[in-house]
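A short reminder: the numbers here are calculations on the coordinates, not readings from a lab. Treat the numbers as computed from the prediction; the structure is a model and nothing was measured. Neighbour counts run over all protein chains shown; Cβ positions are idealised from the backbone, glycine included.
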Amino acid sequence: MRAKHLIFASLLTIGLAACVDSDGPTSTEQPIAIAIHGGAGTITRENMSPEREEQYRQALAYATEAGYAVLEDGGSAVDAVQAAIQMMEENPLFNAGRGAVYTYEGRHELDASIMLGETGEAGAVAGVTTVKSPIAAARAVMEQSRHVMLSGSGAESFARQVGLEQVSNTYFNTMERYEQLQRALELLREQDEMGDHIAYQENWDPAFNMGTVGAVALDANGNLAAGTSTGGMTAKRWGRIGDSPVIGAGTWADNESCAVSATGHGEYFIRFHVAADICTRVKYQGKSIEQASHEVIHEVLLPLGGTGGVIVLDAQGNISLPFNTEGMYRASKSNSQPLYVGIYANE
Ligand code: ASP
C-alpha cells in the first residue's frame, strides 16, 4: 500500500528573476519572499470536497499574505515566519495548535522549532501541552533562554515564566482528530493482538499525521529564517517526538545556503537530518536548492520509504517546494512572484 504513496512526485521551483518589467521589481531591489506548508500526504482530488479544498486554499493564502505583509513592511524574516505559522496554529484545519492530533492517551503534545539564518540561533519545544502557540514558545527559548530545546513540563514552566499564553489541553480538541484517534487505536489494538507493536506503521493512514505547518522567509536585509509547528503523529505514545522540533531535521536556516521546513514521516527526517542535508548540499556542493532538495526528497528518502516534503528558500529568493507524496499543502509569494497556492502534484 505504501508504494502507492511513493510513486507520486512533484517538484515546483519558482526562480526569482532579478529584472522584470517596468511595474515589477528592479535588479537593485532586495528580494523578499515567503513559502509555507500545511503538511504532506495522501491528498488527492478524489478525497477532497470542493468546499474543503477552498478552505485549505484560503487558509494557505491568508497565512502567506500575513507573513508577506510583515516582510513588505520591512519586518524581519523571523517575524514573518512566526506570523504565518501562528495563523495556521489557530486554524483547526492543520495539525498544529488547535486541530493538533491526539496522543495514544487522548491528549495533545505539541512540538515546534525556529531558526535564524544570520546567526544560527535556534529554539525548540517538544511535548508541550498547555502553551497556546508552540512556535512562540520555540522563539522564546531561542531569545530568552541559554538553551535550544526544552521539553514537557519544564518547557511549560519556562513559557509561563516568560508570559506566554497558556490554555487547557482541551483547547486543542477537534472532533475530526478525535475520530482519527479512534480509528488509529482500533488499528493499534489489532496489531497489538498479533503481538506486533512496530509494524502498524505499514498500514498507517497518512491522514492521521497530516497537517504539520511550517514557514521559511527572506527579509529585505537578506536574512533567512525557518520554523515548523506540529501535533506530531496520531496515537503517538511513550513521549514520541518527531523531526519538527529537531534543528537540522525538521527546520534549518543558514544565510549562506537556504532555509527549510519539513513535513512528513518524522523518524526518517530525523535519521537523514533532511533540512540540514539540503542546505549542506547547497553550501558545499554548490547545488541549487531545486537540485539539492530533489536529491534528498526523491533520491535519499523515497527509496527508503520516507514520505513527505519540504519548503526551501535561498537568499536570492528562489523557492523550491518538492514532495514525494500525492500532495502537499503549500503556498508562496515574493516581490517578483505573485501568490502561489498548491495542494496536489503538478499544479
Ligand atoms: N513530521 C511530523 C512528525 O513526524 C509529522 C508531519 O509532518 O506530518 O511529527
Determine the dipole magnitude for the chain: charges of +1 sit on the beta-carbon of Lys and Arg, -1 on that of Asp and Glu, nothing else is charged, the reference point is the Cα centre, and the result goes in debye to the nearest 20.
560
Sorted by Cβ neighbour density within 10 Å, fewest at the top, the residues Thr129, Thr42, Thr234
Thr42, Thr129, Thr234
Within segment 285-327, find all residues whose amide N lies under 11 Å from a label point positioned 7 Å from the Cα of Leu339 along Cα-to-beta-carbon.
none
Highest GNM mean-square fluctuation, the chain, Cα pairs closer than 10 Å: which of Asp111, Asp205, Asp314?
Asp205
Neighbour counts of other C-beta atoms within 10 Å: give me Cys279, Cys258 arranged from fewest to most.
Cys279, Cys258
Per DSSP helix of 4 or more residues, -39500 (n - 2.57); summed, then divided by the residues of the chain. What does that give at 222 nm, rounded to the nearest 500?
-9500 deg cm²/dmol
Expressed in nm to one decimal, what extension gain is obtained for the pair Arg183 and Lys283 from 0.36 nm per residue of sequence separation less their Cα-Cα distance?
31.6 nm
Projected label distance in nm at Ser145 and Val300, using a 7 Å step from Cα toward the beta-carbon:
2.7
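As a quick test, which of the pairs Lys236/Lys283; Lys132/Lys333; Lys287/Lys333 have an alpha carbon distance above 29 angstrom in this structure?
Details: Lys236/Lys283 35 Å; Lys132/Lys333 27 Å; Lys287/Lys333 23 Å.
Beyond 29 Å between Cα atoms: Lys236/Lys283.
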In nm, give the distance between the simple-model label positions of Ala61 and Glu267, each being 7 Å from the Cα along the Cα-to-Cβ direction.
3.9
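Give me Ser133, Ser76, Ser229 ranked fewest to most by other Cβ atoms within 10 Å of their Cβ, as a rough exposure proxy.
Working: Ser133 23, Ser76 18, Ser229 35.
The fewest-first ordering by Cβ neighbours comes to Ser76, Ser133, Ser229.
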Quick check: the angle from helix 77-89's long axis to the longest principal axis of the chain, C-alpha only, nearest 10 degrees?
30
In whole Å, what are the extents of segment 2-344 along the principal axes defined by its C-alpha atoms, from largest to smallest?
66, 48, 41
Dipole check, segment 2-344, charges on Cβ (K,R +1; D,E -1), about Cα centroid: among Pro134, Pro322, Gly38 the Cα furthest to the positive pole belongs to Pro134
Proximal charge balance of Arg139 [Cβ under 13 Å; K/R count +1, D/E count -1]
-4
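Once the other residues with Cβ under 9 Å from the Cβ of Val70 are scored (Lys, Arg +1; Asp, Glu -1), what is the net sum? Mind showing how you got there, number by number?
On the way: positive: none; negative: Glu72, Asp73, Asp79, Asp219.
Charge balance in the 9 Å sphere: -4.
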